[in-house]
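Student: Handing you a structure now.
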Amino acid sequence: MTELLGGLEFANGVALARDESFVVVAETGACRLHRVWLRGQRAGTAEVFVDPLTGYPDNISLGSDGLIWVAVASPKTAQLAKVQALPGPVRALATKMPPRLQPKVDRTVSVVAVDDDGQVVHEFCGEIDGFWFLTGVRERHGRLWLGSLEGSSLATVAAG
């Protein structure tokens, strides 16, 4: 096994570019995406690809349209930023707090699509009845298919 990029704050999702020249990885804790070049003159190098995102990215995928689609699990909040600034052991204790004291999951569903240059070309942000805490997105022929760790539903919306 070979490490291509280290020091990330919760690497949580990868997508290979359509031409397989690079891979994009979501860095959830820092609300950004990185690109690691696999071929060409820049092979073996990495760079920030999108920074900042509007929230915490989760899984990402390559769509049939050639775009990288990013599930944004939660928007940035002051409360989460304060917890992230705490030392690791204290953050671990925060996860053990009773659910009523933990930050509430925002019901806003957010998805962004970026092109090979890291430009956001589509963004969906809103509420879907019966669906929240988006953790996965797949685009296929102009439709987004959305998955979640919460609830028991699947959602779909038109892409773009």
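The values are calculated or read from the model by the stated rules, or taken from the named source; none is laboratory data. Just so you know, these numbers come straight off a predicted model, no measurement behind them. When we count neighbours, we look across all protein chains shown, and the Cβ atoms used for this are built from the backbone with ideal geometry, even at glycine. For accessibility, only protein heavy atoms count, side chains too; no ligands or nucleic acids. Shrake-Rupley method; radii C 1.70, N 1.55, O 1.52, S 1.80 Å.
Student: V120 - would you say it is surrounded by fewer than 20 Cβ atoms within 10 Å (Cβ to Cβ), modelled with pLDDT of 95 or more and under 15 Å from the mean Cα position of the chain (by Cα)?
Tutor: In short, yes.
Student: Separate question: Among V111, V157, V121, which is assigned to a strand (DSSP E or B) and closer than 14 Å to N59 by Cβ?
Tutor: V111
Student: Which residue pairs have Cβ atoms under 7 Å apart, sit 6 or more places apart or on different chains, and have a first residue in segment 17-38 that is crowded, with 21+ Cβ neighbours inside 10 Å and of a type in the set (K, R) and a second that is in a strand (DSSP E or B) and at pLDDT 95 or above?
Tutor: Close Cβ pairs (under 7 Å, with a partner that is in a strand (DSSP E or B) and at pLDDT 95 or above) amount to R35/F22; R35/V24; R35/A46; R35/E47; R35/F49.
Student: Can you find even one residue in segment 43-63 that is free of Cβ contacts under 8 Å to residues at least 24 places away in the same chain and not in a loop (DSSP other than H, G, I, E, B)?
Tutor: Yes, because at least one residue in segment 43-63 is free of Cβ contacts under 8 Å to residues at least 24 places away in the same chain and not in a loop (DSSP other than H, G, I, E, B).
Student: Any chance you could count how many residues in segment 127-159 are at negative phi, open to solvent by less than 80 Å² (accessible area, probe 1.4 Å) and not charged (D, E, K, R)?
Tutor: Residues meeting the conditions: 17.
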